[in-house]
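Novice: Input: one structure, supplied below.
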């Protein structure tokens, strides 16, 4: 759509009466709770799914490249916040050996077809956590901060035409819209800096919706240790830094996606991006969403979906930015489900690495509640400390954990032995044989054994180059070129371990 049309739609969105929107949400909360009590959101078994984000780069230069909207539609991917982004959502499958294979096969088939088509446009889709090389002839600062005003409405130049994201730059109770990352500062005046980051988001649908609080409690406890295994975002584009390379290398976080997302989307009135609270009932989980600060109230028109019954609640849920997030939706009554999205994980070097994290996440949520694992009693504040320690230091972080035997420990070897033991147990409970279990768990266990994550691989490469006299920017770009070259050979069928 044209800039004028987009500005007009943003203005319309900003004219919505917040009280009317809030009243609709309150009405729909009662409808949703009743449907949960009636069993509408129950399923005969656990179900898994995945959201998988990519960014486009130029096939010759590895620089960030905008993906034309018609091309995105043609390859069957969805737009994300930035014009360079592309997102794939898999078809939910039963949590079983066959379901996990189906998840992997769908990602491989769709991604292979997409790569073949984007190549004809000199674009390659990259699976990663943060892009570091801006478009040719531009700086990261200008690409992220460029915006225009149209009839008093601010529009980000390089953002997709999603009305609610543009509207966020034009409300009084504004979100921060700035970067506050170690040794990086940028006030963009729009939410465009969030487009630095790309993620994978495993989903686990619980079979009995009223049990969601127990699963949520365990998902919060595993967030830190599981994030530490998957970290892949130690660097931002070099022109964003305001400190010398030695300081950046010494103090950078291993997973900068976390502070990027939080600093952009948290509000002046409080933190919207955080871990969710523990809840005792599914009704409390619903109430926590309903009580969250609304950023952009927008009236919703019927679309023919079952969950139109609580469409305004779902819209509000869209800005319920929690790192572990309960979700209630369904296009049809039979597809209605209650699930837990695990949102901290960055994009991974290969498809198999992403599938390993999906399988381990689902395996843990299958095993821990069934075995009544005592880590459920770990204080929420300790789980939060574990989470941010993981984001900052990856596998070098110190965690506090309670083992299956009930012992509190900070020994990383003991923690990961316990974690992977229960992931294996959960996968075995869903019918996977020993070889299949090891296919998913083994690559992550080996990361722990080698003390090497994708973020550590990146950090080691840049550190070695800087020590050899390479300027910091060139060292980051050289690392990124090697990352993309390795991924070109391994993305569809290989593993990060093939890089080591």
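Any read-out appearing in this document is the output of simple, stated calculations on the displayed coordinates, not a laboratory observation. Note that the structure is a prediction, hence the values are computed from the model and not measured. Positions of Cβ are generated from backbone atoms using ideal geometry, with glycine treated the same way; all protein chains shown enter the neighbour counts.
Novice: Which FRET efficiency, nearest 0.05, do residue 4 and residue 268 yield, Cβ-Cβ r, R0 35 Å?
Specialist: 0.70
Novice: Using every alpha carbon pair in region 309-396, what percent of pairs falls into each 5 Å bin from 0 up to the bin containing the largest distance?
Specialist: 3, 9, 14, 20, 22, 17, 11, 4, 1, 0
Novice: In addition: For a paramagnetic label modelled at 7 Å from the Cα of residue 59 toward its Cβ, which residues of region 84-127 fall within the zone defined by backbone nitrogen distances under 19 Å?
Specialist: Answer for region 84-127: 84-86, 109-127.
Novice: Evaluate E = 1/(1 + (r/R0)^6) for residue 464 and residue 113, where r is the Cβ-Cβ distance and R0 equals 41 Å; express this FRET efficiency to the nearest 0.05.
Specialist: E between residue 464 and residue 113, to the nearest 0.05, is 0.65.
Novice: Here's a follow-up. Enter the Cα centre distance for the pair region 150-169 and region 227-293, rounded to the nearest angstrom.
Specialist: 23 Å
Novice: Does region 131-263 classify as rounded, prolate or oblate by the C-alpha gyration tensor (a ≥ b ≥ c root eigenvalues; a/c under 1.5 gives rounded; else a/b over b/c gives prolate, otherwise oblate)?
Specialist: oblate
Novice: Let me ask something additional. Gain in length, residue 407 to residue 303, computed as 0.36 nm per residue apart minus the alpha-carbon separation, to one decimal in nm?
Specialist: 32.3 nm is the gain from fully extending residue 407 to residue 303.
Novice: Stokes-Einstein diffusion coefficient for region 121-170 at 10 °C in a medium of 1.306 mPa s, Rh from the Kirkwood formula over Cα pairs: what value in µm²/s?
Specialist: 123 µm²/s
Novice: Tell me, what is the FRET efficiency for residue 183 and residue 489 to the nearest 0.05, using R0 = 35 angstrom and their Cβ-Cβ distance as r?
Specialist: Given R0 = 35 Å and the Cβ-Cβ separation, E is 0.60.
Novice: In nm, give the distance between the simple-model label positions of residue 377 and residue 37, each being 7 Å from the Cα along the Cα-to-Cβ direction.
Specialist: Between residue 377 and residue 37, the simple spin-label model gives 3.3 nm.
Novice: Continuing with the same structure: Over region 71-124, what lengths in whole Å, largest first, do the semi-axes of the equivalent ellipsoid take, defined as the square roots of 5 times the eigenvalues of the alpha-carbon gyration tensor?
Specialist: For region 71-124, the semi-axes come out at 24, 13, 7 Å.
Novice: Using the number of other C-beta atoms within 10 angstrom as an exposure proxy, rank 433, 498 with the fewest first.
Specialist: Listing 433, 498 from fewest to most nearby Cβ atoms yields 433, 498.
Novice: Separate question: Given the DSSP H assignment, sum -39500 (n - 2.57) over each helix run of at least 4 residues in the chain and divide by its residue total; what's the result at 222 nm in deg cm²/dmol, nearest 500?
Specialist: -14500 deg cm²/dmol
Novice: Using the Cα atoms of region 87-180 to build a convex hull, what is its mean projected area in square nanometres?
Specialist: 9.7 nm²
Novice: How would 30, 287, 301 line up from fewest to most surrounding beta-carbon atoms within 10 angstrom?
Specialist: Fewest to most other Cβ atoms nearby, the residues stand as 301, 30, 287.
Novice: While we're here: Fewest first, what order do 450, 430 take by the number of other Cβ atoms within 10 Å?
Specialist: The order, fewest Cβ neighbours first, is 450, 430.
Novice: According to a simple spin-label model (label point 7 Å from Cα along Cα-to-Cβ), what is the distance in nm between residue 331 and residue 136?
Specialist: 3.9 nm
Novice: Right, here's the next one. Pairwise over distinct Cα atoms, reciprocal of the mean inverse distance: report the Kirkwood radius of region 1-125 in Å, one decimal place.
Specialist: The Cα-based Kirkwood calculation yields 18.2 Å.
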